[in-house]
Structures are given as structure tokens and as C-alpha cells.
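Take a look at the structure below.
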């Protein structure tokens, strides 16, 4: 992907207009003149009317959707390149468990480790603030970027937030030579953008530690509004509390001003799959980084009530060991290669993500369309599909579902049909063993 024009116009032409933007917010956070902002309705970055880009090139050099030099950044961050047979990146240790604090465990996602680490960083003095995603005060159903400086602020935004969110846009308020230190909790695209910004020698270096979240794919903010509609909520202003995943792994839940509780009966994972054809952005679909490879610590779901944790850097390992020693983290080491829970979930979703992203990247390049260069991370498409017919079916479904009329028709399908359409849309093959829960949890039930 060429970047001969070094201003925001480059991003508009090669990333934003083609739909490749992941809405990570790095371009806005990198801008030294703060002439870029996020469109709050659709979360696209834009040039503030009446302002002029000074062509400094920082937004171009830091955008992950213009390519990510994974090997180069791994050397920069960890001092080494991952082994060729290690898809998870540089890893020093694997752990499983939960936050030791019962309140954190109950209010956080899965085991609450991300919240526990954020609070540990703040209370131990490692950092002065944590950038992460959270809930809008005015519109509790909306996911927004947050800067937390206290335990109470972290707790108030704990839990899963399945919506694209421009966390890195908050970096615009950092002073390049200030004394405060920060942590960032985000998905792969947030970490990639930050690492590229740090590589440019800019204010991103004020972020001294990162916590990455496993990410199979994400949804646009419109998906949340769709879930509210399925609950029979026509006025989002009536919602005073919303979560994409209520305790026990259930689906979305909203509490209204009158105290009424509404839920979508199928679980959060089923929602992610069945809504994928309608609300997954192309930018998320071509991302290869499931494990947040460039973060100091990576976190994902394990099984009910627990997280899996990957420690990557020396300071990431130190933070985990201190958390265990001081009673903040209830973690135990595991052997990834022999752990059946991991093989049946994360490894499978990672394979789907690789298949999906590499196929879409190869297709865009073959058609002469703009596409990022992820270097050695990209795999030969032939290696990823058992049958070429499955690859062609995947591309056919992708192109059909790009049409608004097709999405409207598919939205009227029964939930189990939406689930299987979503599975094919996300790169599953016909006849492929499916280790995750099938259509059983997709029984339509609005409570």
C-alpha cells in the first residue's frame, strides 16, 4: 500500500473511504495540532471543518491499517522475534485464574483480570492513569474511551464492551514531555497503533505498559442499538444500564428507568456470531492479531469465571508476579500445548481469524484494491482452506452481505439460521468440526 501523500488525505483515500478503518483512534491521538476528531455517531476519524492538516505524517505512520511490521515491533518491544511456529507471539508464561477481589471478579469480564491489573497499576504507583473502554455516562448503552485514575472509575466501567471504540484518540491530550505515566488496555489494533506511534518517537511513549485483550472480531456501535430493538426498546434514552454479557455468560441485558429488566436469551458468543454479517466492519475482518501480540500482557476468556493470561515482556511478568504475591491475582500456570480448553476455543477462533483475514487481503490485492501489508503474518490462502469451494463460498457470502438489501433479508431469518450464516461469514468451512456451542443457545427468548 503506497503512502506517497503524507497527510490525513492518505488515510481518507486508503483506509477510511475503503472501509478498512478499525476505529482505534490512533490517528486522532497522534495528531500534534489536534485538528482530527472522531465522528461520535459512526466513530470515523475526520478533519475538523475549517482546520488544515500540516502534513506531518504521524497519522499515516501510526495507522495499523496501513501495515504493521510485526517482526520489527517485536524486536523493539521484546528484543526478539517470535518463533516461526508460535502464532501467539513472544510469550514468557501462561496463566489461568481470576481476580482475587470478589467484587472485581463479579463485576469484571470472565475472571476480571483486566480490571484487577488496572487497579494494581494505579494503586501501586506504576502509572497515573489507565486508558481503556467503558460506558458513556449520558448514554449507558454506548461504549466510549475512558481514562481512569482511581479504583472506583475502573470498577464503574468493568465488564465486556463488544463495540469498536477509539481508545487511542485520548492520547491527543498527552504532553510529549510530561511526567505522568499511563497504561493502555485495548485490543490488537489499539496496541498496534500505539507501538507504531511509539516507534515514531512521539507522545505514545508516555504509555509505559499495555494490556491486550484477545479479539476474534468486533461490531460497529449499531449492533448495540439492534440488540436494544430486539429487546423491544424503541427509545435508548430509557436505558440506565446495559451490558453485552451478564453474569454466567448470558447475552445482552438492559435495565430501564422504570426498573424493568430486559434480556436477549441467547448467550453473548452466539450474539457475536449471528450479528457478524450485519455489523462487522471490513477493518476488523482483515485484522490478523487475535492474541494482541504486541502487548506486555494479553488476556482472554478461559472457561466460566476465569481468564487465560499471557505474560510477554519482563515488566508484564513482573506485574503478574507482584499481583500474585500481594494477593491481587488468583492465577495458576498452565501448559498451553496440552490444555484442551484452549485448543477448543482460542486456537480455533485464531484459525478462523487467520483464514478470514488472509483470504480477504489476498482477494483485495488480486483486485487491485487498497490493503495493508502485514508481512510474514500473512499466510498462503491455500494453506488455510480444506477445499477451494469453501473459500469461494466465503467470498460469495461476503460480497452478497455487503449489499443493504441482503442484510435486511438476513435480519429477518430465524436466529439459528443467522448463527450459521454468521459462522460462514466469519470463515467457518462446511463440514468443519465445530468445537464451540452450536445453534443450541440460539433459541429466541426475550425476557
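Values in this text are rule-based calculations from the coordinates and carry no lab data. What you see is a predicted model, and the numbers here were worked out from it, not measured in a lab. Neighbour counts run over all protein chains shown; Cβ positions are idealised from the backbone, glycine included.
For the chain, what is the calculated [θ] at 222 nm in deg cm²/dmol (nearest 500), taking -39500 (n - 2.57) for each run of four or more DSSP H residues and dividing by its residue count? Spell out each step's value before the answer.
On the way: 19 runs with 156 residues, N = 447.
Dividing the helical sum by the residues of the chain leaves -9500 deg cm²/dmol.
Calculate the FRET efficiency for residue 392 and residue 17 from the Cβ-Cβ distance with a Förster distance of 35 Å, rounded to the nearest 0.05. Show your work: numbers first, answer last.
Working: r = 27 Å, r/R0 = 0.77.
Once the sixth-power term is evaluated, E becomes 0.85.
Looking at the chain, the DSSP beta bridges with both ends there are about 75 percent antiparallel. I want to check the label-to-label distance for residue 123 and residue 369. Put each point 7 Å from Cα in the C-beta direction and report it in nm to one decimal. Between residue 123 and residue 369, the label points sit 4.9 nm apart.
Name the shape class, rounded, prolate or oblate, that the alpha-carbon gyration tensor gives for region 348-442, where a ≥ b ≥ c are the square roots of its eigenvalues, rounded holds for a/c under 1.5, and otherwise prolate holds if a/b is larger than b/c and oblate otherwise. Taking the square roots of the gyration eigenvalues as a ≥ b ≥ c, region 348-442 is oblate.
Would you kindly state how much longer the chain becomes between residue 340 and residue 258 on full extension, computed as 0.36 nm times their sequence separation minus their alpha carbon distance, in nm to one decimal? Please report the intermediate quantities before stating the final value.
Details: separation 82, 0.36 × 82 = 29.52 nm, distance 4.49 nm.
Extra length available between residue 340 and residue 258 comes to 25.0 nm.
Here the label points at residue 181 and residue 149, each 7 Å from Cα along the C-beta direction, are separated by 1.8 nm in the simple model.
A simple spin-label model places pseudo-atoms 7 Å from Cα toward Cβ; at residue 347 and residue 400 they are separated by 3.3 nm. Reported to the nearest whole Å, the Cα centre-to-centre distance from region 388-437 to region 96-124 is 36.
Could you order the peptides 158-171, 127-140 from most to least packed, using the average number of other C-beta atoms within 10 Å per residue? If you can, show how the numbers build up before the last one.
Working: 158-171: 24.4, 127-140: 18.9.
Those peptides, ordered most packed to least, come out 158-171, 127-140.
Taking packing as the residue-averaged number of other Cβ atoms within 10 angstrom, the listed peptides 272-284, 172-184 run from highest to lowest as 272-284, 172-184.
What is the packing order of peptides 106-113, 413-420, taking the mean over residues of other C-beta atoms within 10 Å and listing the highest first? Before the final figure, lay out the partial values.
Working: 106-113: 23.5, 413-420: 17.8.
Result, highest mean first: 106-113, 413-420.
Could you tell me which of rounded, prolate or oblate describes region 143-196, using a ≥ b ≥ c as the square roots of the eigenvalues of the alpha-carbon gyration tensor, with rounded for a/c under 1.5 and, failing that, prolate when a/b is larger than b/c and oblate otherwise?
On the way: a/c = 2.15, a/b = 1.18, b/c = 1.82.
Taking the square roots of the gyration eigenvalues as a ≥ b ≥ c, region 143-196 is oblate.
If you sort the three axes of the alpha carbon gyration tensor as a ≥ b ≥ c, you get a/c of 1.5 or more for region 222-267 and a/b no higher than b/c, which makes it oblate. The distance linking region 263-304 with region 126-180 is 20 Å (Cα centroid to Cα centroid, whole angstrom).
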